[in-house]
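Enquirer: Quick one: this structure, given as structure tokens, is what I'll be asking you about.
The values are calculated or read from the model by the stated rules, or taken from the named source; none is laboratory data. The structure presented is a predicted model; accordingly, all values stated were derived computationally and were not measured. Cβ: placed from backbone, ideal geometry, glycine included. Neighbour counts: every protein chain shown. Note: accessible area is taken over every heavy atom of the protein model, side chains too, but ligands, DNA and RNA are not part of it. Shrake-Rupley method; radii C 1.70, N 1.55, O 1.52, S 1.80 Å.
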Amino acid sequence: MRRVLAMLCVGSFLCAGPVLSRRASADDIAERAKKLHFSSIVLDTHDDTTQRFFSKDYDIGKRNSDGHVDIPRMREGGMNAIFFSIWIDGRIMGPPAVQKALDQIDAVHENVRKYSKDLVLCRTATEVREAHAQGKIAALIGVEGGHMIGDDIRVLRMFGDLGVRYMTLSHFYNDEWADSSTDKPVHNGLTDFGKDIVREMNRQGIMVDISHVSDKTFYDALEVSKAPLIASHSSCRALCNHPRDMSDDMIKALAAKGGVIQINYERSFIDQAYKDASDKLSGGVVGAFDQLKKECGDDQECFGRKMAEKQKQATAEGKLPHVSWERIIEHIDHVVKLVGADHVGLGSDFDGADMPEGMEDCSKLPKITEALLRKGYSEEDIRKILGGNTLRVMVETEKVSRELQAQ
């Protein structure tokens with residue numbers, strides 16, 4: 001019978017039905033994914049685009065030929081909520097660190113003002129939702145490194161007044177009160193003052209970000225904080241054994257308190273072969289950072305540009321393996337299988353890291369939604385991953401803040 005059917009099918013349309021059905025099904029998923037993505041709040045918790053504001057060649061309002069983020073590409077990729085990262089070298093401390101941080105916070109405010117037709121500064125989850133309803137891009141601010149408060153808790157309060165909604169407790173190097181994941185521990189986690197900082201962050205409604213911190217600092221912060229924590233741009237250590245990534249036990253502990261890990265797209269954080277080859281080539285993440293410091297000095301925009309150039313050249317020369325954007329999906333899926341879809345989000349590290357192939361900039365973000373839909377994720381869970389989970393932590397942090405301020 002199969003042979004007869006096969007003969008009948010040759011040169012005719014009699015057997016085209018199942019083929020067309022499969023094709024229609026695939027097209028249906030693509031169309032569903034598109035509608036889902038562009039109707040969702042797509043919130044990226046970590047973008048180093050702020051550094052580019054200080055380059056005379058960069059304009060966030062225009063499509064740029066380099067970098068990862070600008071308004072046209074955000075519109076194209078449906079990224080309608082962004083945390084602009086405030087970052088300086090972690091070895092700069094005291095008043096100079098505060099001044100440089102304020103310069104960057106001001107640059108965010110000025111760019112939002114300049115492009116107010118597209119951008120709106122948001123401080124709360126409600127404001128992010130309102131921006132989305134108005135068709136605007138929600139601009140939020142995160143400080144990447146506790147060294148930027150200048151060892152002065154009053155500066156933290158000032159940052160909060162200026163719209164900072166999360167602070168990473170450390171960066172590549174230990175600061176005055178918290179150990180980093182990429183430095184030799186000197187504080188055994190958080191100092192007593194560091195614990196006071198976490199408490200004050202809770203009071204100010206500033207999310208506690210544990211990306212970059214040592215494992216001990218993470219557990220100390222988890223114990224002290226009354227609000228859930230976030231890892232604004234980290235990936236899974238079980239899939240790529242990098243100190244910047246989180247172990248399964250850490251992810252479970254983060255989730256148990258309602259927190260969210262936002263997956264970082266940096267190649268060396270998501271792919272073990274790339275991480276090993278990169279370490280051999282550059283001496284690890286801190287070694288690579290130090291080399292860029294020699295070449296760029298305090299020109300922070302230079303860091304991202306030089307990093308991309310070096311990685312592209314090394315890959316072309318075969319010194320580094322190729323890494324597909326689909327690794328991002330593997331890390332998301334790992335977290336979901338480990339603790340559920342309520343505890344993972346997106347923290348690309350755009351404009352501050354080396355992106356995998358196929359995720360060259362923020363215009364490629366719809367790929368993530370379609371990939372998750374094809375894996376069988378529900379639309380509700382995908383909306384959570386795209387931004388809903390981070391908004392939930394913002395809401396819970398705001399609630400804790402109101403309760404503490406009422407005491």
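Enquirer: In nm, to one decimal, how far is the ASP103 label point from the ASP161 one, both placed 7 Å along Cα→Cβ?
Expert: Simple spin-label model gives 2.2 nm for this pair.
Enquirer: I want to check the label-to-label distance for ASP66 and GLN313. Put each point 7 Å from Cα in the C-beta direction and report it in nm to one decimal.
Expert: 1.3
Enquirer: As an exercise, identify the trypsin sites (Lys or Arg not before Pro) in the stretch 333-407 lying in DSSP coil whose Cβ has no more than 13 other Cβ atoms within 10 Å.
Expert: LYS375
Enquirer: If we count every other residue with Cβ under 10 angstrom of ILE82's Cβ, Lys/Arg +1 and Asp/Glu -1, where does the sum land?
Expert: Taking every Cβ under 10 Å from that of ILE82, the sum is -2.
Enquirer: Let me ask something else. Rounded, prolate or oblate: which one fits the stretch 223-285, using the alpha carbon gyration tensor with axes a ≥ b ≥ c (rounded when a/c is under 1.5, else prolate when a/b beats b/c, else oblate)?
Expert: Verdict is prolate for the stretch 223-285.
Enquirer: Could you size up the charge dipole of the chain around its Cα centre, putting +1 on the beta carbon of Lys and Arg and -1 on that of Asp and Glu, and report it in debye to the nearest 20?
Expert: Rounded to the nearest 20 debye, it is 1400 debye.
Enquirer: Follow-up. Tell me what the chain gives for mean residue ellipticity at 222 nm when only DSSP H runs of n ≥ 4 count, each as -39,500 (n - 2.57), the sum divided by the residue total, rounded to 500 deg cm²/dmol.
Expert: Helix-only estimate at 222 nm: -15000 deg cm²/dmol.
Enquirer: If you don't mind, there's one more thing I want to ask. Expected output is a single nm value to one decimal: the length gained when fully extending between ALA133 and GLU330, i.e. 0.36 nm times separation in residues minus the C-alpha distance. What is it?
Expert: 67.8 nm
Enquirer: Okay, moving on. Using per-residue counts of other Cβ atoms within 10 Å, averaged over each peptide, order 185-192, 225-232 from highest down.
Expert: Highest to lowest by the protection proxy: 225-232, 185-192.
Enquirer: Right, another one. With a 1.4 Å probe and every protein chain left in place, tell me how much accessible area ILE29 has, in Å² to the nearest 10.
Expert: Surface open to solvent at ILE29 totals about 40 Å².
Enquirer: Need the list of lysines near LYS306 for cross-linking: C-alpha distance under 26 angstrom, and skip anything on the same chain fewer than eight residues off.
Expert: The qualifying lysines are LYS56, LYS62, LYS100, LYS275, LYS280, LYS293, LYS294, LYS319, LYS364.
Enquirer: On to the next question. Using alpha-carbon pairs under 8 Å, 6+ residues apart, how would you state the relative contact order of the stretch 336-407 in percent?
Expert: It rounds to 39 percent for the stretch 336-407.
Enquirer: About the Cα centre of the stretch 48-167, what is the dipole size in debye to 20, counting +1 per Lys and Arg Cβ and -1 per Asp and Glu Cβ, all else neutral?
Expert: 320
Enquirer: Compute, for the stretch 42-106, the length of the dipole vector about the Cα centre, with Cβ point charges of +1 (Lys, Arg) and -1 (Asp, Glu) only. Units Debye, rounded to 20.
Expert: Dipole about the Cα centre, nearest 20: 60 debye.
Enquirer: Right, another one. Grab the beta carbon distance between LYS337 and GLU223, set R0 = 25 Å, and tell me the FRET efficiency rounded to 0.05.
Expert: The value I calculate is 0.40.
Enquirer: If you roll a 1.4 angstrom probe over the protein chains with everything in place, what fraction of the accessible area of the stretch 118-200 belongs to carbon and sulfur, to the nearest %?
Expert: 47
Enquirer: Here's another thing I want to ask about it. Considering only DSSP beta bridges with both partners in the chain, what is the antiparallel share in %, to the nearest 5?
Expert: The answer is about 5 percent antiparallel.
Enquirer: Among the DSSP beta bridges whose two residues both lie in the stretch 116-207, what percent are antiparallel, rounded to the nearest 5?
Expert: 10
Enquirer: Taking 0.36 nm per residue of separation and subtracting the Cα-Cα distance, what length does fully extending LYS280 through ASP192 add?
Expert: Stretched fully, the LYS280-ASP192 segment lengthens by 27.9 nm.
Enquirer: Still on this model: Can you give me the C-alpha center-to-center distance between the stretch 80-130 and the stretch 186-219, rounded to a whole angstrom?
Expert: The stretch 80-130 and the stretch 186-219 have Cα centres separated by 21 Å.
Enquirer: Hey, another quick one. With label points built 7 Å along Cα→Cβ from the Cα atoms of ARG32 and SER247, find their separation and express it in nm.
Expert: In this crude label model, ARG32 to SER247 measures out at 3.9 nm.
Enquirer: Hey, another quick one. Under a 5 Å amide H to amide H cut-off, with H placed in plane at 1.01 Å, what residues pair with ILE137 once short-range neighbours are removed?
Expert: Answer set, sorted by chain and number: LEU119, VAL120.
Enquirer: Just the number please: accessible area per residue for the chain, 1.4 Å probe, all protein chains included, in Å².
Expert: Ligands and nucleic acids excluded, the figure is 42 Å² per residue.
Enquirer: Ranked highest first by the average count of other Cβ atoms within 10 Å around their residues, in what order do 139-152, 92-105 fall?
Expert: Those peptides, ordered most packed to least, come out 139-152, 92-105.
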